[in-house]
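Everything on this sheet refers to the single structure shown next.
The values are calculated or read from the model by the stated rules, or taken from the named source; none is laboratory data. Model, not experiment: these values are computed from the prediction. Backbone-built Cβ (ideal geometry, glycine too); neighbour counts: all protein chains shown.
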């Protein structure tokens, strides 16, 4: 009888661990960033007014998925097929300005395109704001 209980306990634990793994959002595949964007520098100088404008745009367009502080824990995050990521991570912060600009502008999968919704100068303001979200 003890053997059957042990086997059942192990089976329940294995199923639980499998379900937890499936519930974790996908990290997502790497972005294919065109060369012209990889080394692109921000067209908008970082300043208090740029960061403030980026903050306002972030709250309006990004926070629902990416969270108020960029941790990827926004109110819509759990409904997404891919993880919105952690903007405070060293990995995210190590990306070039041009890479972040490209990702915001073009979007992919759950991430909408903002190329027709937000002016390029305001996308740069968002990039400048994202740089403030360090751990």
So residue 68, is it closer than 17 Å to residue 124 by Cα and either out of contact with any strand residue (DSSP E or B) (no Cβ under 6 Å at 6 or more places or on another chain) or not in a loop (DSSP other than H, G, I, E, B) (or both): no
Some residue of segment 117-133 being at pLDDT below 95 and over 22 Å from residue 48 (Cα atoms): no
Count of residues meeting criterion [in a loop (DSSP other than H, G, I, E, B) and in contact with a helix residue (DSSP H, G or I) (Cβ under 9 Å, 6 or more places away or on another chain)] in segment 28-60: 12
Counted residues, segment 80-93 - those being in contact with a helix residue (DSSP H, G or I) (Cβ under 9 Å, 6 or more places away or on another chain) and in a helix (DSSP H, G or I): 2
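A quick yes/no check of all residues on (1) modelled with pLDDT of 95 or more; (2) loosely packed, with under 14 Cβ neighbours inside 10 Å:
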site	(1), (2)
49	yes, yes
52	yes, yes
55	yes, no
58	yes, no
64	yes, no
70	yes, no
80	no, no
87	yes, no
Contacts under 7 angstrom Cβ, first residue in segment 90-110 being without any contact (Cβ under 8 Å) to a residue 60 or more places away in the chain, partner part of a helix (DSSP H, G or I) and surrounded by 16 or more Cβ atoms within 10 Å (Cβ to Cβ), 6 or more apart: 97/127; 100/127; 100/130; 104/123; 104/126; 105/123
In segment 94-121, the residues that are touching a helix residue (DSSP H, G or I) at 6+ places or on another chain (Cβ under 8 Å), farther than 14 Å from residue 42 by Cα and not in a loop (DSSP other than H, G, I, E, B): 111
